[in-house]
Each structure stands twice: as C-alpha cells, then as structure tokens.
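The values are calculated or read from the model by the stated rules, or taken from the named source; none is laboratory data. Remember, it's a predicted structure, so these values are computed and weren't measured experimentally. Here the Cβ is made from the backbone with ideal geometry for all residues, glycine too, and neighbour counts use every protein chain on show. Surface areas here come from the heavy atoms of the whole protein model, side chains and all, with no ligands, DNA or RNA. Shrake-Rupley method; radii C 1.70, N 1.55, O 1.52, S 1.80 Å.
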Amino acid sequence: MKDKRSLPVRQDTWYLGVDGGGTHCRARLCDAEGRPMGEGQAASASLRFGIDHVWQQILEAARAALREAGLNETSLTRVHAGLGLAGAINARTWHDVAAHPHPFASVQVRSDAHAAVLGAFDGGDGGILIIGTGSCGMVHLQGHFRSLGGWGFPLSDHASGAWLGLRALREALLCHEGLRPPSLLAECLMSDFGHDPARLAEWQTNAYPRDFARFAPTVFSTAEAGDELALTLRRQAVDEAVLLANGVLELGAPRLCLFGGVGQALAPYLPTWLRRRLVSPAGDAMQGAWRMARHSHLIRGEAT
C-alpha cells in the first residue's frame, strides 16, 4: 500500500499560519510550498480572554488573509490551520481550542512560542527568547520542545512589557506619595491618571497585560533621557532577560533568536557575550505555524 504521506497535495489545499499574541493576532495564508498568498490581522488572541474570543480573532484575521489572496470565505473548508497562541500552555488547552467549532479542514494548536521556534530555524534545532507583551523561552531539539517561563502575568512573563509596566506604575505611585525621589518617568505615568492614585487603583482592577505593556515604551524613552528610575527598571529587565536566555542556552540550544518589541528594545543593553550568541531568524511565528499545519496534515495522511 502506498504511503499516504507521499501523495501530492491538492492544488486547492491551503495552509494558514496564525501567530496569536498578547497584542495582535496575525495570519498568513500559504500554498503547500510555503509561498505567501495573503495576510490578515486582528486583536489579541491570548487565551486569557477565553476560547470564544480567540476564535473570533483567528477567523477575522483568516478572512482578511483570504480576501488578500483573492479567495472567498467558503475556501476556509480547504484550509488547514496551524495556531500558535499565547497562553496555550498544555495539551488540555490545545485540545479545547481545537475542539471549538470552526470552518477549517483541520487545526493544529500549540503555543506562540512553539510556532516562533519552528519559524526561526526552518523546523531545525535552536532556541528562542520572546519578550513582548509577555515573555518565554523555548528550545527545539531533534523534534522535541522544552519551554521556560511563559506562565502568564503577573506570575511569570519576566522582562516583558506587562512586567515592566507593572513595576513602573508601582514605582510611579511611590514617587507620587513622596516615598521615592521625583522622577520624569513617574511624572509621565501619573499624568495618564490625572495624578490621582485613586484613578490608577480603579484602572488596575480591569487592566489586562497589554494595558500594562503600553507603558513600557515610556520606560525606554525616559531611560534615554537619563531618568534614574527608568534606567533602574531597564537594568532589571535586562537582568531578567539574561536569566531566561541562560536557561534556554543551558537546555542545549545551539543558536538563539530574540523576538518581541521589548526584546528588541533591550537588545542593545544585553551583555556582549549574549549578543554574540544571537542570530537572525530564518522566519517568523506565522511561518512556524504554517509548518505545524502542513506537518499535521501530511502526518494524518489527509493529502489527496
């Protein structure tokens, strides 16, 4: 009997790679060879917001990608989707997301870190450090994955935008109350709340990680202006990033890629030995998610 995995893929079969991060959900539609056909974007696809919300964002981004490719929504039934989602931390979560009603031909679910490491090294061996709204490390060696961190804010996500924003707001409140020296960073942050601690306290009740993360750029800009508080917070974030990077390298990663907006902002301040270990990624998380979808489709013997 002929191995189904060697059968050609139908020309009207497509693959969707989804990078569902804490701030944006991005989707790229590709053919079986990985050639991009269209891209789309939606809001946060973090599972912190619930599976229904995540699927709304996935489908919004997927439909936009199909439109750019010149395909209509009915084509979703011929699309095999790989979903790399923030907060997809275990097999139970992967199953629950995949079990949700959807229009795709098949769905493969893993975390956004799984997708990123596969994209970064074209499916080969390596390690990544993602520092964006949240943070985590991931290693891929000989087909096996190991992760570090990424357990969600505020418990984990060290050095991330949310982590940095929370610490900046805490210090800004102390400065406002005279328990810390005056600070340009504190002045900028408290001005967002009318210099009223009660407004800040009320805001934090319903704030999400992305809401805290929006203050991270102010930390970096005031650090560049020489503000001592901002410089201290930046140094602390660097220390946390180094801690996570060390863990990834100690797991055996032969190469290391750095992802995420906060990671890029921290990169110039990382120690020289670590900067020398960094390499440019071959592809992004959407490319890695495409690999997930393609591999799962062929392994199941569904190509016809």
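Taking the criterion of being open to solvent by 40 Å² or more (accessible area, probe 1.4 Å) and either touching a Cys at 6+ places or on another chain (Cβ under 9 Å) or in contact (Cβ under 8 Å) with a residue 60 or more places away in the chain (or both), the residues of the range 260-283 that qualify are 261, 278, 279, 280, 281, 282.
When residue 258 is tested against (1) out of contact with any His (no Cβ under 9 Å at 6 or more places or on another chain); (2) assigned to a helix (DSSP H, G or I); (3) modelled with pLDDT of 95 or more, only condition (2) is not met. For the range 74-93, residues that are assigned to a helix (DSSP H, G or I) and open to solvent by 50 Å² or more (accessible area, probe 1.4 Å) total 5. The number of residues in the range 288-304 being open to solvent by less than 10 Å² (accessible area, probe 1.4 Å) and modelled with pLDDT of 90 or more comes to 3.
Going by the conditions given, is residue 107 over 13 Å from residue 292 (Cβ atoms) and of a type in the set (Val, Ile, Thr)? So that I can check it myself, show each step before the final result.
Working: over 13 Å from residue 292 (Cβ atoms): no; of a type in the set (Val, Ile, Thr): yes.
No.
Give, as residue ranges, the helices (runs of 4 or more DSSP H) completely inside the range 149-206 that count at least 1 residues that are touching a residue at least 40 places away in the same chain (Cβ under 8 Å) and buried (at least 19 other Cβ atoms within 10 Å of the Cβ). Walk me through it before giving the result.
Values: elements: 161-176, 184-191, 197-205.
Of the helices (runs of 4 or more DSSP H) lying wholly inside the range 149-206, those with at least 1 residues that are touching a residue at least 40 places away in the same chain (Cβ under 8 Å) and buried (at least 19 other Cβ atoms within 10 Å of the Cβ) span 161-176, 184-191.
The residue that is surrounded by the most Cβ atoms within 10 Å (Cβ to Cβ), among those in the range 240-259 that are of a type outside the set (S, T, N, Q) and free of Cβ contacts under 8 Å to residues at least 60 places away in the same chain, is 242.
Here 169, 173, 184 are screened, and the one residue that is under 25 Å from the mean Cα position of the chain (by Cα), aliphatic (A, V, I, L, M) and at pLDDT 95 or above is 169.
Checking each residue in the range 107-128 for being under 17 Å from residue 144 (Cβ atoms) and without any contact (Cβ under 8 Å) to a residue 40 or more places away in the chain picks out 111, 113, 124.
Taken over the range 31-66, the criterion of being in contact with an Asp or Glu (Cβ under 7 Å, 6 or more places away or on another chain), farther than 23 Å from residue 89 by Cα and open to solvent by 30 Å² or more (accessible area, probe 1.4 Å) is satisfied by 37, 39, 63. Checking each residue of the range 106-114 against the condition of being in contact with a helix residue (DSSP H, G or I) (Cβ under 9 Å, 6 or more places away or on another chain), surrounded by fewer than 19 Cβ atoms within 10 Å (Cβ to Cβ) and under 28 Å from residue 241 (Cα atoms) gives no match. Each residue in the range 120-145 was checked for being under 16 Å from the mean Cα position of the chain (by Cα), among the aliphatic types (A, V, I, L, M) and under 24 Å from residue 296 (Cα atoms), and 4 pass. Just wondering, is there one or more residues in the range 217-238 that are at positive phi, surrounded by fewer than 20 Cβ atoms within 10 Å (Cβ to Cβ) and not in a helix (DSSP H, G or I)? Checking the range 217-238: at least one residue is at positive phi, surrounded by fewer than 20 Cβ atoms within 10 Å (Cβ to Cβ) and not in a helix (DSSP H, G or I). Within the range 78-96, can one find any residue that is of a type in the set (S, T, N, Q) and at pLDDT 95 or above? So far as the range 78-96 goes, no, none of its residues is of a type in the set (S, T, N, Q) and at pLDDT 95 or above.
Out of the range 13-30, which residues are over 24 Å from residue 130 (Cβ atoms) and open to solvent by less than 30 Å² (accessible area, probe 1.4 Å)?
The first filter runs over the range 13-30 and keeps only residues over 24 Å from residue 130 (Cβ atoms), leaving 13-14.
Hit for the range 13-30 is 13, nothing else.
Residues checked against (1) under 22 Å from residue 210 (Cα atoms); (2) among the acidic types (Asp, Glu); (3) without any contact (Cβ under 8 Å) to a residue 24 or more places away in the chain:
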residue	(1), (2), (3)
52	yes, yes, no
57	yes, no, no
60	yes, yes, no
64	no, no, no
72	no, no, yes
75	no, no, no
86	yes, no, no
105	no, no, no
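Could you please tell me which pairs satisfy a Cβ distance under 7 Å, a separation of 6+ or placement on different chains, a first residue in the range 130-147 that is among the charged types (D, E, K, R), and a second residue that is surrounded by fewer than 24 Cβ atoms within 10 Å (Cβ to Cβ) and part of a loop (DSSP other than H, G, I, E, B)? Hits for this filter: 146/251.
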